[in-house]
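Values in this text are rule-based calculations from the coordinates and carry no lab data. What you see is a predicted model, and the numbers here were worked out from it, not measured in a lab. Positions of Cβ are backbone-derived with ideal geometry, glycine not excepted, and every protein chain shown enters the neighbour counts.
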Amino acid sequence: MYWYRVERINNELKELGCTTGELRVEDLIPFDQFHPLSTVALDEAANQLGILPSSQVLDIGSGVGGPARYLAQQYQCLVTGVELHPQMCKAAIELTQQTRLSEQVNFYQGDITTIDLKGQSFDYWIAIGVFLHIPDRSTLFSRCFELLKPGGSGYIEDFFQRQTFTAAEKAQLTNTLACPYLPTRDRYLVDLAASGFVDLHFEDVTHLWQPWEIQRAIEFEQNKSRHLKVHGEQIVQTVSHFYRVIANLFEKGNIGGARIRCQRPID
């Protein structure tokens, strides 16, 4: 579903005249942060987890590397990203090299539930807008538990089901968002606890995400002529449809946004 993201970033960098040479993290933030509230969400994650310069952080579903680069620069931590999509992982590595952060940030391509990370374990992991794509929560959360050091914490920002979805909403979630399963708040917490996590905190942030998602869709339409010039018809129509669907889902109120924190007990 995210086939266009690498090409979109390349188009934006070409428009800026930044196709080669060094880049700043700040140059990429408008194009490599795809989640609600952009870097504000990452600062929230870092503050809730207590990320320090010595921290080892795993970014699950790292995409083109935007969150990993931002956290590494802003908090001087070490970040490992895992991304399923080969082209996005390749772009993440290349963009990180251009921002001179390769000593702090590295990436693996593969499925988080099966990938071999060479025995690594982490102080923290983050998953921003990723778990909605993974219906097997038992396997997913068990793996996430294993990847934390004892006493380590995980941080999730994700959609959840606030009220029963209509048939049309289920179809939109599956076909447009690649989200075949979305749990309720209570189901989310039960599944995390079943995998061994403790100290569970669930915050409903729909009131923050709803206006952000709606405004993103509006602003994209307002700048459509510019986007067509930079990206072409196929990308623009794909992104426009994606943004409209999410905005409509949030307007109807059955889908919500959550911040969830969990911890692996100290053995």
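Tabulated data for the structure shown
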{"read-out": "Residue that is farthest from the chain's Cα centre (by Cα) [pool: residues in the range 7-40 that are assigned to a loop (DSSP other than H, G, I, E, B), touching a residue at least 60 places away in the same chain (Cβ under 8 Å) and farther than 11 Å from residue 98 by Cβ]", "value": "37"}
{"read-out": "Unmet requirement for residue 201, which otherwise passes all of (1) over 23 Å from residue 153 (Cα atoms); (2) out of contact with any Ser or Thr (no Cβ under 7 Å at 6 or more places or on another chain)", "value": "(1)"}
{"read-out": "Selected residue [over 17 Å from the mean Cα position of the chain (by Cα) and without any contact (Cβ under 8 Å) to a residue 12 or more places away in the chain] from 142, 102, 138, 121", "value": "102"}
{"read-out": "Of residues in the range 231-245 being out of contact with any Lys or Arg (no Cβ under 8 Å at 6 or more places or on another chain) and not small (Gly, Ala, Ser), the one surrounded by the fewest Cβ atoms within 10 Å (Cβ to Cβ)", "value": "233"}
{"read-out": "Subset of the range 95-111 (residues that are β-branched (Val, Ile, Thr) and either farther than 18 Å from residue 5 by Cα or assigned to a loop (DSSP other than H, G, I, E, B) (or both))", "value": "99, 105"}
{"read-out": "Some residue of the range 76-87 being part of a helix (DSSP H, G or I) and of a type in the set (A, V, I, L, M, F, W, C)", "value": "no"}
{"read-out": "Residue in the range 78-90 that is in contact (Cβ under 8 Å) with a residue 40 or more places away in the chain, surrounded by 14 or more Cβ atoms within 10 Å (Cβ to Cβ), within 22 Å of residue 53 (Cβ to Cβ) and of a type in the set (A, V, I, L, M, F, W, C) present", "value": "no"}
{"read-out": "Selection status of residue 171, under 26 Å from residue 44 (Cα atoms), aliphatic (A, V, I, L, M) and not in a loop (DSSP other than H, G, I, E, B)", "value": "no"}
